[in-house]
Amino acid sequence: MFESPTIAEFVTQSNLASTLPGTLLVAWTLLLVLVDLFAGDEREHWTPLMACLGLGVSFVANLFVYASAAGQQTALYGMFIADAFTGFLNIVILVATLLAVLMSRDYLKRAGIHRGEYYILTLLSSAGAMFMVAANDLIVVFVALELLSIPLYILAAFRSIKNDGSELALKSEESGMKYFILGAFSSAFLVFGAALVYGATGTTNIPQILEIAPAVVDAASSATFYLVVGAALLIVGLGFKVAVVPFHMWTPDVYEGAPTPVTALMSVTAKIGGFAALLRILVTALSVLVLVDGGAAAWQTTISIIAALTLVLGNFVAISQRNLKRMLAYSSIAHAGYIMVALAAAGTAGTADSATQGALVYILAYMFTNLGAFAVVMTIERVDGGGGNIDDITGLARSRPLLAMAMTIFMLSLTGIPLTAGFVGKFMVFAAAVQAGLVGLAVIGVLTSVVSAFYYMRVVVNMYLRESSGELVPALETIYVRWAINIALAGTLIFGIFYPLASNLVSMVSIT
Amino acid sequence: MDVTGLSLTTITLFLPMLGLAILLFMNGETQRENLKWVAFATSLVTFVASVLMWINFDPATAELQMVQRNTWAEVSLGDSAINISYFVGVDGISMLLVLLTTFIMPIAILGSFGSHIFAERGREKLYYIFLMLLEWAMIGVFVVHDLIIFYVFWEVTLVPMYFLIGIWGSEERIYAAVKFFLYTMAGSILMLIAILYVGNTTGTFSTYSAGGDVGVIEMVQSHEGAGTYWDAPEAEAEGEPGFLFSSVESFLFLGFLVAFAIKVPIFPFHSWLPDAHVQAPTAGSVILAGVLLKMGTYGIVRFNLNLFPEATVAWAPTIAFLGVVGIIYGAWVSYAQNNVKKLVAYSSVSHLGFVVLGIFALNAQGLQGATLQMVNHGISTGGLFLIVGMLYERWHTKEMADYGGIWKVMPVFGGISLVISLSSMGLPGLNGFIGEFTILLGSLGSDFLGFAFTLFGTLGVILAAVYLLKMFQHVFMGELKKPLKDEAGYKLRWNEIAAFIPILIMIFWMGIQPIVFFNMLDISVDSIAALFVR
């Protein structure tokens, strides 16, 4: 019979200590509710500050857990896993959230939509992402995904709290609604996929699926069929979250309508959560889903096709965008494609580790660069939401040389030019792809990055090579925003110039 | 194992970065007058450092010299890890091209002193920062022997050149800059895949062996006893594998070649060149013609020939044919131009065609001639672009019809221009002749190319005389069509004279005493040519 443990037993048996980075952040969020309640008129000052502090606390907890943990440990009776993979992505998520919070403070103030809930929801969403990268069970994947997504739905619609019928508020409302409906829809796929996998293997625990699946595959019964369909549905569900073709339709509208700091945040953390889950499910649990003897995992072809489509569509459609946020939305679709290339490479036995490491470095580089680019775009936007078009940055190099320089480096990094973090990420991803024998996919990857050079360079052209015709852009260049840009810039350059830094950070990562 | 210890190569390589750092901390407005001096002094010190390298250089060995190799990072590939190393060193070919780079750079900087582009576009500080970055990256391309780091330097050259053309270029600068960037990036990015494939197959990214670690080139050459190209088929017939990358060698070869062919540019990949050259500011054109194009031909010699000898032989006639087409086509189109700068730009296509022909003759003469021609072309065409730039500074037009009779008002300038034009068309006694002659000699004695290659190549020498004399006649002879309002403009400024003097010295020195430069190349080139000896 099952005996309910005492609290002390529960704490030790469930190894709660190793979940601290995530749980502390959730606890801090609750504290933040109180702070916001009692801070009074000072709240627009105190809440973001406390939010940053909470991220710092979580960061320190993360360092303690992963510095002490030798190898990997599970918690909550095997549902939660704390390994180098989790630790690394936790750091990326925390830095991303910090940058987003720094960007938000003055943006919200200027837009007149400042509310304490904003930071609470932001932190909650990031906690969801942190649980997602630590999920060792399909149930946890689902719960964490909802914790990650639901706050983001609200945040996307955050401008509509001041619904004055303006186009901006409407767009924001549309953005939140669209995101919510499609997100809910995709969650259904995820749950159905998890159910089918459970039906085939009798467990939702990822390591246990790994143990049971070979027998299921060998049996070649209807259970094999359920397993394959279940895996496909999981890919669909998570594919929505990371916005890969053909599940990307919601992205441009949602990204354009949401308040810019929210867009920046969700273009990074939601993708991290989704990719972490994909990697854990496909690489750890379903690496044994090999239908042809000695071949790669059965999902490799599917992922390769998705990756190729994503790369081509994301990059080509981005060319025709005039709005910078929409352009960055399509570019973020394309970048999901590059991470998909790494995921596909992980399907070949023996390449799994280097491909996973490549994906992680790519995510790190993408986080710094993309947040930086969004921060610059946010800076030059006008209060009425205008000013975010490609023509509006014309002559920025004259009016705001430092901002233009930062944006140039972000654009070069997104293109993948050496000495920026973007190159290091692309390099590791393509190295893994070549090693996995997916040379064709790697070639598509590099060729589409030439295409991407076209629209990224157009930004640089407008900033540097054309002279401004109109008046000076009223930039939101406050100290907080400047710090966000500086941190992003430092990350982009440091990880780009000192290549070993990134590769050493992930060298311990292994999820096979 | 690493070969540590600071080498002179490293010092030369990083000197421009020092200048860049100083420039970064200067105020672009208040210290505006000093910017150019910092840049010029840096490039001069870099030149001195490279001359020191030359003094230390021992031409009697094919080994890399002044080597430094430090492990930089590890790429984990499955069970094994591949080192990426900071691996620099020079052999004869690298040495000569490093000297060319550091030689051209101060001249290009001198040429842009007091240029109108700063009055129009400003941002002088940024301009010199980009020049320093460019010099660093170009030297890097010529001295590194690790494929990944090579790729890094190779791509980095794009960025400063893009801005130089885009910000300080003429009317169509944006189109030219974007075209330059996309075109060259499209070519080089496939090289990255080829590099990764080579690394994945051989387990190293180092091309040369150092400190006990075997490099890719040695692996290729010692693979299963396949000593030269001619042994390989026999080895394969006996059931042994031939060269290392047998089945995919052609793909890898093309992966590298496309990158280099666009940079050179080999016909039909040349369409970016006239735009970039014509729109670039004078210093940009000088560096583009003087050094940047040579990165392509250098890459072919260093990587294509060494790493993929079998594919090289298979493709040699095709590419040499494209080289010859380039010679004729470049000369033909050049003759048809009314725009002086475009004429000089197309002449580059023609001259680089000779270099390609020399390389794919695949023998010692051809390679020596090709390498020497790279330097010659850098000096002569660099000089020609300086001339065009100085004309433009005074008359603000590039149309040949607007000029005429310049010799009358600027006798010294006319004389210098004549010498440089003659050098470019290959007059015996001047530097151009030596390179072209050796190339033609090489192609005549080549095992892989027929007589027709030499024949049509020689035709190119004649055509060169035609278009260059046409230019000289239209611009410098006849009646003065547009007198300057201010007669002081006829006088050459001191920095212009200072830029021409080293060019003239080199034109005569290389023309009269080429043995100095041949000696430098001899052994290094032989070690490559030995791969293809029958």
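The values are calculated or read from the model by the stated rules, or taken from the named source; none is laboratory data. Keep in mind that this is a model prediction, so the values were computed, not measured. Glycine gets a Cβ as well: all are built from the backbone with ideal geometry, and neighbour counts include every protein chain shown.
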Test of understanding: among A:S503, A:S449, A:S507, which residue is at pLDDT below 85, at the interface with chain B (Cβ under 9 Å from one of its Cβ atoms) and in a helix (DSSP H, G or I)?
A:S503
Is it the case, given these coordinates, that A:M457 is touching a helix residue (DSSP H, G or I) at 6+ places or on another chain (Cβ under 8 Å), under 22 Å from A:F368 (Cα atoms), facing chain B (nearest Cβ under 10 Å) and not in a loop (DSSP other than H, G, I, E, B)?
yes
Which ones in segment B:115-129 are within 12 Å of chain A (Cβ to nearest Cβ) and charged (D, E, K, R)?
B:E120, B:R121, B:R123, B:K125
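Considering only residues that are among the hydroxyl-bearing types (S, T, Y) and surrounded by 15 or more Cβ atoms within 10 Å (Cβ to Cβ), look in segment A:32-72 and name the one that is nearest to A:L124 (Cα to Cα). Write out each step before concluding.
Initially, segment A:32-72 is screened for residues among the hydroxyl-bearing types (S, T, Y), giving A:47, A:58, A:66, A:68.
Now drop any that are not surrounded by 15 or more Cβ atoms within 10 Å (Cβ to Cβ), which leaves A:47, A:58, A:66.
Values: A:T47: 14, A:S58: 12, A:Y66: 22 Å.
Only one residue tops the list, namely A:S58.
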Just name the residue that is farthest from A:L63 (Cα to Cα) out of those in segment A:5-23 that are touching a residue at least 60 places away in the same chain (Cβ under 8 Å) and not β-branched (V, I, T).
A:Q13
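Residue-wise test of (1) crowded, with 24+ Cβ neighbours inside 10 Å; (2) within 20 Å of the chain's Cα centre (by Cα); (3) within 26 Å of A:S320 (Cβ to Cβ); (4) at the interface with chain B (Cβ under 9 Å from one of its Cβ atoms).
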| site | (1), (2), (3), (4) |
| --- | --- |
| A:F368 | yes, yes, no, no |
| A:A373 | yes, yes, yes, no |
| A:I380 | no, no, yes, no |
| A:L396 | yes, no, yes, no |
| A:S399 | no, no, no, no |
| A:G416 | yes, yes, yes, yes |
| A:A421 | yes, yes, no, no |
| A:V434 | yes, no, no, yes |
| A:I444 | no, no, yes, no |
Among the residues of segment B:449-460, write down those that are surrounded by fewer than 21 Cβ atoms within 10 Å (Cβ to Cβ) and among the aromatic types (F, W, Y).
B:F451, B:F456
B:F267 - would you say it is over 22 Å from B:E155 (Cβ atoms) and not small (G, A, S)?
yes
Looking at (1) surrounded by fewer than 22 Cβ atoms within 10 Å (Cβ to Cβ); (2) facing another protein chain (nearest Cβ under 9 Å), find the lone condition where A:G388 falls short.
(2)
Lone unmet requirement of (1) under 24 Å from the mean Cα position of the chain (by Cα); (2) more than 9 Å from every other protein chain (Cβ to nearest Cβ); (3) modelled with pLDDT under 90 for A:E471:
(1)
Quick one: B:S206 ticks every box in (1) within 14 Å of chain A (Cβ to nearest Cβ); (2) at pLDDT 85 or above; (3) in contact with a strand residue (DSSP E or B) (Cβ under 7 Å, 6 or more places away or on another chain) bar one, so which box is it?
(1)
Odd one out for B:W72 among (1) aromatic (F, W, Y); (2) within 14 Å of chain A (Cβ to nearest Cβ); (3) under 21 Å from the mean Cα position of the chain (by Cα)
(3)
For segment A:164-219, enumerate the residues that are part of a loop (DSSP other than H, G, I, E, B) and not acidic (D, E).
A:G165, A:S166, A:G202, A:T203, A:T204
Conditions first: (1) without any contact (Cβ under 8 Å) to a residue 24 or more places away in the chain; (2) at the interface with chain B (Cβ under 10 Å from one of its Cβ atoms); (3) part of a helix (DSSP H, G or I). A:R482 passes all but one, so which condition is the exception?
(2)
Tally time: how many residues in segment B:209-231 are modelled with pLDDT under 55 and either under 32 Å from the mean Cα position of the chain (by Cα) or not acidic (D, E) (or both)?
6
Quick test for you: out of B:L190, B:L133, B:L196, pick the one residue that is free of Cβ contacts under 8 Å to residues at least 24 places away in the same chain, closer than 20 Å to A:G422 by Cβ and out of contact with any Ser or Thr (no Cβ under 7 Å at 6 or more places or on another chain).
B:L196
Report, by residue number, each residue of segment B:174-200 that is facing another protein chain (nearest Cβ under 7 Å) and either of a type in the set (D, E) or within 21 Å of B:I287 (Cβ to Cβ) (or both).
B:I174, B:A177, B:V178, B:F181, B:L182, B:M185
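Scanning for something farther than 30 Å from A:V197 by Cα, out of contact with any His (no Cβ under 8 Å at 6 or more places or on another chain) and surrounded by 24 or more Cβ atoms within 10 Å (Cβ to Cβ), does segment A:130-142 turn up at least one residue? Quick ask: steps written out before the conclusion?
As a first pass, look at segment A:130-142 and keep what is farther than 30 Å from A:V197 by Cα: none.
There is no residue in segment A:130-142 that is farther than 30 Å from A:V197 by Cα, out of contact with any His (no Cβ under 8 Å at 6 or more places or on another chain) and surrounded by 24 or more Cβ atoms within 10 Å (Cβ to Cβ).
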Any chance A:A404 is within 14 Å of another protein chain (Cβ to nearest Cβ), assigned to a helix (DSSP H, G or I), under 19 Å from A:V446 (Cα atoms) and not charged (D, E, K, R)
no
Against the condition more than 10 Å from chain B (Cβ to nearest Cβ) and surrounded by fewer than 24 Cβ atoms within 10 Å (Cβ to Cβ), how does A:G425 come out, does it pass?
no
Test A:V439 against the stated conditions and say whether it is aliphatic (A, V, I, L, M), closer than 30 Å to B:N27 by Cβ and free of Cβ contacts under 8 Å to residues at least 24 places away in the same chain.
no
Where in segment A:246-354 are there helices (runs of 4 or more DSSP H), lying fully within it, with 3 or more residues that are of a type in the set (S, T, Y)?
A:260-278, A:299-319, A:324-345
Going by the conditions given, is A:G128 more than 29 Å from A:S160 (Cβ to Cβ) and of a type in the set (G, A, S)?
no
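Checking the condition crowded, with 16+ Cβ neighbours inside 10 Å, among the aliphatic types (A, V, I, L, M) and at pLDDT below 90, which residue from A:V229, A:V245 passes? Write out each step before concluding.
Working: A:V229 fails: at pLDDT below 90.
Exactly one residue qualifies, and that residue is A:V245.
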Is it true that some residue in segment B:130-148 is facing chain A (nearest Cβ under 9 Å) and assigned to a helix (DSSP H, G or I)?
yes
Test: residue in segment B:74-88 that is among the aliphatic types (A, V, I, L, M), touching a residue at least 24 places away in the same chain (Cβ under 8 Å) and assigned to a helix (DSSP H, G or I):
no
Can you name the residue in segment B:150-164 that is more than 9 Å from chain A (Cβ to nearest Cβ) and in a helix (DSSP H, G or I) and is also surrounded by the most Cβ atoms within 10 Å (Cβ to Cβ) among such residues?
B:L164
